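Worksheet: the structure to be examined is printed underneath.
The values are calculated or read from the model by the stated rules, or taken from the named source; none is laboratory data. This one's a predicted model, so the numbers in the text were calculated from it and none came from an experiment. Cβ: placed from backbone, ideal geometry, glycine included. Neighbour counts: every protein chain shown.
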Amino acid sequence: MNEWGGRAAQALTRAVLHRDGYRCRWCGGVATTADHRIPRAAGGPDTLDNLDAACEPCNKSKGTGDRPHRRGVTAPPSRNWTGARA
């Protein structure tokens, strides 16, 4: 995919949300978006391996350079995954 948009992106987002149980990777809240692990601006691909489910506030709060996984976070934080916000 060359552009993040359209039907292919919607299908990929649905697949990511389903895979991650509709839970935000960062806060455990209800996820409605897909977040690129390696940002597209840095050459990250639009693939399942490069996407995580994220709620809109978490996804929008990060810029291209502020990615928790670049600081060594490789797995979801251990917490109660009931959807409660921190």
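The condition (being modelled with pLDDT under 95, surrounded by 13 or more Cβ atoms within 10 Å (Cβ to Cβ) and of a type in the set (Lys, Arg)) is satisfied by just one residue among Arg40, Arg7: Arg40.
Exactly one residue out of Asn59, Asn2, Asn80 is modelled with pLDDT under 90 and either in contact with a Ser or Thr (Cβ under 6 Å, 6 or more places away or on another chain) or part of a strand (DSSP E or B) (or both), and it is Asn59.
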